[in-house]
Amino acid sequence: MRFCVLQRMRRLLPIALVAALAACTPHSHDDKQIFRYNESAGIATLDPAFAKDQSIIWPCRQLYNGLVELSTVDEDGDSATGQAMQVLPSIAKSWSVSADGLEYTFTLRDDVLFHKSPLFGTPDSTRRVVAEDFVYSFGRITDPTVASPGAWIFSGVEKVEAMDDTTLRIRLKSPFAPLLGQLGMVYCSVVPHEVVEHYGKDFRNHPCGTGPFRFQYWKEGVKLVLRKNEDYFERDEEGRALPYLDAVAVTFIVDRQTVFLEFVKGNLDFMNSLDASYKDEILTPEGRLKEKYAQRIDMSSTPYLNTEYLGFNLEGEESPLKDRRVRQAINYGFDRKKMMRYLRNNIGTPGEGGFVPVGLPGAAAKPIYTYDPERARQLLAEAGYPDGRGLGKIKLATTANYLDLCKYIQQQLGLLGMDIQVDVNPPAALREQIAQGKAGWFRGSWVADYPDAENYLSLFYSPNHSPAGPNYTRFTDKRFDRLYTEARRTTDTARAARLYGQMDALVMEQAPVVVLYYDQILHFTHKNVSGLRTNAMNTIDLRRVRVGS
């Protein structure tokens with residue numbers, strides 16, 4: 001969800017056009033149930049080994065399965081219940097963990113088939129998934145010649161072996177409680193060696209998995225079509241075969257305003273999040289659906305495991321930002337609640353707590369940095385910069401999508417005497433600056449790879465210094481490193497949560513980051529769409545979706 005343009009600068013939809021479109025009805029598919037959504041970012045590949053962003057993860061979730069899957073705790077279809085998630089069976093119907101936390105043994109289903117492919121023998125043939133397929137798939141992820149961005153998942157794995165066709169064992173070098181959550185990532189999907197080895201790099205556009213939908217057609221930048229997998233192994237609670245849909249169709253319209261118009265006309269069944277160009281057209285300032293749309297559109301919302309923040313580079317050339325008191329002053333120096341109301345229509349939660357978002361074990365139980373300009377002034381004076389005198393210009397690197405937020409912070413800190421210069425960069429250029437340590441103060445975000453606080457706290461573990469790892473702030477603290485190592489190795493979840501809380505508190509006290517807000521998922525569907533599920537990682541589940549006439 002990105003709300004990125006100042007209100008006074010936003011492009012407004014022509015009111016007459018919007019009013020006319022609001023009266024449109026969703027397009028009919030006759031007797032076929034086809035779910036249509038748009039992916040403005042495009043899709044780079046359909047190979048799960050490279051599923052590093054949401055645009056790839058969504059279609060791959062429909063094409064593939066892994067040992068386990070991640071789901072919200074609430075399984076009745078209500079996606080607005082919070083961020084709590086659990087690991088559920090998928091191809092593995094059960095598993096056990098050794099007392100020392102080093103061995104995970106999975107018992108696989110024996111009724112899971114790969115999508116039909118002539119590479120299994122005849123044009124209409126398939127084969128059953130066996131444990132050795134996971135050995136192959138995981139080995140492929142760690143193969144340097146493949147260069148999968150998911151290889152880090154198996155850095156702590158000593159061995160993966162098939163005990164027989166339905167038993168898989170993973171042995172770790174040391175205990176790591178979040179392993180099951182990692183195995184729920186799309187990277188860990190099972191793929192057939194026959195198809196992968198035949199196509200090589202072209203497996204990206206000849207995908208073959210076990211998921212509820214199979215590949216049908218892809219013209220890059222134009223359209224992707226997935227068809228119902230008639231051999232899919234899962235059934236609903238009443239024994240009916242999943243999925244209910246006949247097909248999924250994905251378009252690639254780049255302009256977000258055009259996407260909104262297509263959705264309102266009924267040419268798209270689903271729209272994910274918002275854009276500044278139409279957010280005030282569809283939502284009230286309080287973040288509710290406006291009445292003229294509420295009669296024909298449903299909006300669902302749930303917290304998103306995404307922390308938006310500003311990061312300080314604690315290495316490199318000298319700067320006032322190296323002084324913890326200056327960083328703390330910035331944390332106290334702007335009103336996050338006002339920022340959320342006026343720039344984001346209250347979509348999301350003000351980032352007044354720790355770096356770990358609310359809903360994960362270890363998250364801060366109470367606010368840490370609330371708006372307190374007097375405390376900010378006091379800290380600046382203690383640091384030797386009374387009313388900001390002597391600070392000089394401080395550059396904040398961002399992208400155009402976050403210009404409104406950064407200008408708001410610039411204005412608020414200016415009231416304290418701080419001279420903030422907002423430096424707008426192309427996204428790729430900013431990422432490179434951050435990785436190479438060339439940005440002294442920068443805007444960043446962290447979307448959970450898996451639902452565990454350890455994933456967020458890895459950004460402050462000193463061995464993870466960028467560019468090799470995600471410690472973009474170059475934060476170093478021996479106490480933190482000791483707690484982090486201890487938490488990773490414990491198999492006691494309650495103890496791990498306590499350690500996570502201590503680490504999060506330590507980070508916020510040292511203030512290598514300014515937490516802006518904890519994000520929120522918004523999904524819009526037409527009234528004829530039912531059964532769409534999501535989770536706090538914003539992964540859509542289409543297995544139980546129906547599209548009526």
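Throughout, read-outs are computed from the coordinates displayed, never taken from laboratory work. Since the structure is predicted, the reported quantities are computational estimates derived from the model, not experimental observations. Methodologically, a virtual Cβ is constructed for each residue, glycine included, from the backbone with ideal geometry; neighbour enumeration extends over all protein chains shown.
Observations
- Among D481, D133, the ranking by other beta carbons within 10 Å of each residue's beta carbon, starting with the fewest, stands as D481, D133.
- Part-to-part distance (alpha-carbon centres) for segment 290-330 and segment 222-269, which is given in Å: 31
- Comparing N538, N471, Y500 along the charge dipole axis of segment 467-549, the residue lying farthest to the positive side is N538, per the Cβ-charge model.
- At full extension, S445 and R296 could sit 50.3 nm farther apart than now, given 0.36 nm per residue minus the alpha carbon distance.
- Partners for K116 among aspartates and glutamates (Cα-Cα distance below 18 Å; same-chain residues under 8 apart left out): D47, D124, D133, E194, E197, D202, E230, D231, E234, D246
- Around the Cα centre of segment 167-229, unit charges on the Cβ atoms of Lys, Arg, Asp and Glu (plus for the first two, minus for the last two) sum to a dipole of about 160 debye.
- Net charge in the neighbourhood of S530 (other residues with Cβ under 12 Å of its Cβ; Lys, Arg +1, Asp, Glu -1) is +2.
- Over segment 351-456, relative contact order from alpha-carbon pairs under 8 Å, at least 6 apart, %: 26
- Lys, Arg +1 and Asp, Glu -1 on Cβ, resulting dipole of the chain about Cα centre, debye, nearest 20: 1460
- Close Lys-Lys pairs in segment 304-520, where close means Cα under 30 Å and separation is 8 or more or interchain: 25
- Working from label points 7 Å from Cα in the Cα-to-Cβ sense, the V222 to R341 distance is 5.0 nm.
- For V190, net neighbour charge (Lys/Arg +1, Asp/Glu -1) across residues whose Cβ lies under 11 Å away: -1
- Computed over neighbours whose Cβ is under 11 Å from that of V135, the net charge equals 0, Lys and Arg +1, Asp and Glu -1.
- Karplus (6.51, -1.76, 1.60) ³J(HN,Hα), θ = phi - 60°, over segment 466-475, in Hz, Gly and Pro reported as x: 5, x, 6, x, x, 7, 5, 7, 6, 5
- Annotation for A365 and E486: the two label points, set 7 Å from Cα along the Cα-Cβ direction, are 1.9 nm apart.
- Sorted ascending by nearby beta carbons within 10 Å, beginning with the fewest, S55, S125 become S125, S55.
- Ranking of E374, E308, E509, E238 by neighbouring Cβ atoms within 10 Å, starting from the fewest: E238, E374, E509, E308.
- Computed label-point distance, nm, for sites A44 and E158 using a 7 Å Cα→Cβ extension: 3.5
- Extension gain, R169 to R431, is 90.5 nm, computed as 0.36 nm per intervening residue step minus the present C-alpha separation.
- Contact order normalised by residue count of the chain, Cα under 8 Å, 6+ apart, percent: 21
- Sparse packing (at most 10 other Cβ atoms within 10 Å of the Cβ) combined with a DSSP loop state is found for none of the trypsin sites (Lys or Arg not before Pro) in segment 256-347.
- Across segment 210-226, rounded Karplus estimates of 3J(HN,Hα) from the backbone phi angles (6.51 cos²θ - 1.76 cosθ + 1.60, θ = phi - 60°) give 10, x, x, 10, 10, 5, 10, 7, 8, 10, 4, x, 10, 7, 10, 10, 10 Hz, Gly and Pro being marked x.
- Hits among lysines - C-alpha to C-alpha of K52 under 23 Å, sequence gap 8 or more where chains match: K201, K219, K223
- With R₀ fixed at 22 Å, the C-beta to C-beta distance from Q257 to D31 puts the FRET efficiency at about 0.10.
- Calculated FRET value between T107 and R495, using beta carbons and R₀ = 35 Å, to 0.05: 0.80
- Computed E for E317/V424 - FRET, C-beta separation, R0 25 angstrom, nearest 0.05: 0.70
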